[in-house]
Amino acid sequence: MKAMVLKRIASVEEKPLSLEDVPIPKFGQKDILIKISACGICHTELDEIEGRKKPKLPVILGHEVIGRVEKIGSSVTRFNINDRVGVAWIYSACGKCRFCLNDNENLCNDFKATGCDADGGYAEYMVVSEDFAYPVPDVFSDEEAAPLMCAGAIGYRALKLSGMENGKVLGLYGFGASAHIVIQVVKYLYPDSQVFVFTKKRNDESSKLAKSMGADWVGITGDSPPEKLDCAIDTTPVGTPVKEALRNLERGGRLVINTIRKETEIPALDYTEHLWNEKEIKSVANITRGDVEEFLPIAADIPIKPEIKRFKLEEANEALIMLKHGKYRGAGVLSME
Ligand SMILES: [Zn+2]
Ligand SMILES: [Zn+2]
């Protein structure tokens with residue numbers, strides 16, 4: 001099969017993924033072999049390529065996978081040949097530890113990530129246990145469904161953790177693949193709420209997209225919004241929005257940081273200004289199967305329309321460079337057809 005393979009940590013600009021012909025992966029009794037049709041491109045892949053998040057090497061990246069079941073292991077019961085399935089960041093977890101038993105499998109010591117600890121979707125085929133694949137609602141095309149598997153599902157997890165309720169004010173720092181889905185979920189689940197969006201540059205592509213998607217106010221990181229934020233979600237790869245979001249939080253408000261690594265330091269916080277009055281900070285780590293299973297039907301009801309930028313599998317390097325430099329808006333997707 002064709003695959004884009006990462007063999008060494010490097011700067012994305014060096015185009016380190018190489019198109020290779022590799023064997024179709026073997027599968028066990030509980031596994032399904034998926035013929036991949038689309039795989040979303042995620043900011044986490046930049047972290048893996050550049051070594052801020054360590055993948056196994058060599059690795060086939062990609063954790064927003066959509067495809068059809070091509071073959072099944074002898075004890076598979078959840079799926080049949082030709083079923084359309086998705087695979088998310090969670091590739092497996094131990095199933096036995098106290099985190100797994102309490103639906104916090106995202107925190108399992110033995111958590112394995114798709115396209116990081118196991119080969120993922122930048123390829124024509126992949127293998128996963130049937131327990132870590134999901135039926136994909138019919139309303140979505142393959143390309144539309146791909147970014148829902150991470151940007152959407154993790155955004156949904158972040159939203160749940162933020163304590164958001166109808167009538168509250170939500171601040172979104174950064175408006176990329178995840179936030180542009182979160183805003184659609186918020187407008188659907190919490191129709192009387194306001195969403196304030198903070199981007200990097202005034203009137204950039206993200207700002208325009210946020211306005212077109214119904215943001216109630218759009219500014220840049222550093223601005224003070226018209227009202228204090230009850231909840232905030234930071235999806236940026238840099239440190240400053242953490243301090244800024246805390247400054248703008250209402251008393252008792254909560255900031256959720258939805259990113260694996262920060263590329264720059266979080267500036268020093270002033271206790272009185274940034275934390276006093278019961279302000280909270282929480283990070284989002286990974287994802288559970290429950291998040292994906294809850295999110296996909298909500299996404300179908302809305303129905304969410306991800307803004308897609310389509311690339312061919314062999315264009316993955318160029319797509320990642322564009323993602324790093326903010327050269328397209330919405331969600332990038334590799335299309336295998
Ligand atoms: Zn991701
Ligand atoms: Zn576990």
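The values are calculated or read from the model by the stated rules, or taken from the named source; none is laboratory data. It should be emphasised that the depicted structure is a prediction, and the values quoted were computed from it without experimental measurement. Ideal geometry is used to build each Cβ from the backbone, glycine not excepted, and the neighbour counts take in all protein chains shown. Accessible surface areas use protein heavy atoms only, side chains included; no ligands, DNA or RNA. Shrake-Rupley method; radii C 1.70, N 1.55, O 1.52, S 1.80 Å.
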| message | Counting C-alpha atoms alone, how compact is the stretch 1-123: give Rg to one decimal and Dmax as a whole number, in angstrom. | response | 15.1, 44
| field | 11 Å beta-carbon shell around residue 62, net charge (K/R +1, D/E -1) | value | -4
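To the nearest 0.05, what FRET efficiency results for residue 78 and residue 2 with a Förster distance of 25 Å applied to their C-beta separation?
Working: r = 28 Å, r/R0 = 1.11.
It comes to 0.35.
If you count, for each residue, the other Cβ atoms within 10 Å and average over each peptide, how do 114-125, 45-56 line up from highest to lowest?
Highest-to-lowest ranking by the protection proxy: 114-125, 45-56.
Please quote Rg/Rh for the stretch 251-337 to two decimal places, taking the Kirkwood radius as Rh and restricting both calculations to Cα atoms. List each step's numbers first, then the result.
On the way: Rg = 18.3 Å, Rh = 16.9 Å.
We get a ratio of 1.08 for the stretch 251-337.
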| request: Using R₀ = 45 Å, calculate the FRET efficiency as 1/(1 + (r/R₀)^6) where r is the Cβ-Cβ separation of residue 20 and residue 165; round to 0.05. | output: 0.40
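At 1.4 Å probe size, with the rest of the protein present, what percent of the exposed accessible area of the chain is carbon and sulfur atoms?
Numbers: 6840 of 14390 Å².
Of the solvent-accessible surface of the chain, carbon and sulfur hold 48 percent.
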| query | Dipole of the chain (Lys/Arg Cβ +1, Asp/Glu Cβ -1, origin at the Cα centre): which of 238, 153, 207 lies farthest to the positive side? | reply | 238
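Determine the relative contact order of the chain: mean sequence separation of Cα pairs under 8 Å and six or more apart, normalised by residue count, in whole percent. Walk me through the intermediate numbers first.
Numbers: 832 pairs, mean separation 65.5, N = 337.
Normalised by residue count, the contact order of the chain is 19 percent.
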| Which one of 164, 298, 176 has its Cα pushed farthest toward the positive end of the charge dipole of the chain, where Lys and Arg give +1 and Asp and Glu give -1 at the Cβ? | 176
| Charges only on Cβ, +1 for Lys and Arg, -1 for Asp and Glu: so what's the dipole of the stretch 229-295 about the Cα centre, in debye to the nearest 20? | 140
| request: Within the stretch 40-67, which residues have the backbone N less than 13 Å from the label spot 7 Å out from residue 11 along Cα→beta-carbon, could you tell me? | output: 50
| Kirkwood Rh and Cα Rg combined as Rg/Rh, the chain | 0.96
| said: Can you give me the long-range amide H partners of residue 53? Hydrogens built in the peptide plane at 1.01 Å from N, cutoff under 5 Å, separation of 5 or more residues or another chain. | reply: 48
| To the nearest 20 debye, what charge dipole does the chain have about its Cα centre, counting +1 at the Cβ of each Lys and Arg and -1 at the Cβ of each Asp and Glu? | 360
| message | What is the ratio of the Cα radius of gyration of the stretch 173-225 to 2.2 N^0.38 Å, with N the residue count, to two decimals? | response | 1.03
| note | Rounded to two decimals, the Debye log10 I(q)/I(0) of the stretch 134-255 (Cα scatterers, no solvent) at q = 0.15, 0.17, 0.20 Å⁻¹ is -0.63, -0.80, -1.09
| What whole number of Å gives the distance from the Cα centroid of the stretch 253-326 to the Cα centroid of the stretch 164-205? | 12
| Choice from 64, 227, 293 with maximal GNM fluctuation in the chain (Cα, 10 Å cutoff) | 227
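Give me the net charge for the shell around residue 256: Cβ to Cβ below 10 angstrom, other residues only, Lys and Arg +1, Asp and Glu -1. Intermediate values should be presented prior to the final figure.
Working: positive: 157, 160, 254, 282; negative: 234, 280.
Combined, the nearby Lys, Arg, Asp and Glu give +2.
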| Under a plain spin-label model, where a point goes 7 Å from the Cα along Cα-to-Cβ, how far apart in nm are residue 282 and residue 314? | 4.7
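For the chain, which DSSP H helices look membrane-span-like by this rule: Cα extent along the axis of 30 Å or more and mean Kyte-Doolittle of at least 1.0? Before the final figure, lay out each step's value.
Working: long enough: none.
Once both thresholds are applied, nothing remains.
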| field | Paramagnetic label zone (point 7 Å from Cα along Cα-to-C-beta, residue 261; backbone N under 15 Å) in the stretch 109-152 | value | 116-117
| field | Rg and Dmax of the stretch 96-185, Cα atoms only, in Å | value | 15.5, 45
| field | Listed residue (264, 93, 198) projecting farthest to the positive dipole end of the chain, Cβ model | value | 264
| Candidates 292, 87, 284, ranked by Gaussian network fluctuation over the chain, Cα under 10 Å, top entry | 284
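Ranking request for peptides 302-311, 145-154, 254-263: highest mean number of other beta-carbon atoms within 10 Å first, then the rest in descending order.
Numbers: 302-311: 17.6, 145-154: 30.2, 254-263: 20.5.
Highest to lowest by the protection proxy: 145-154, 254-263, 302-311.
Roll a 1.4 Å probe over the protein chains and send me the accessible area per residue for the stretch 136-268 in Å².
Details: 5040 Å² over 133 residues.
Accessible area per residue, the stretch 136-268: 38 Å².
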| To the nearest 20 debye, what charge dipole does the stretch 99-179 have about its Cα centre, counting +1 at the Cβ of each Lys and Arg and -1 at the Cβ of each Asp and Glu? | 560
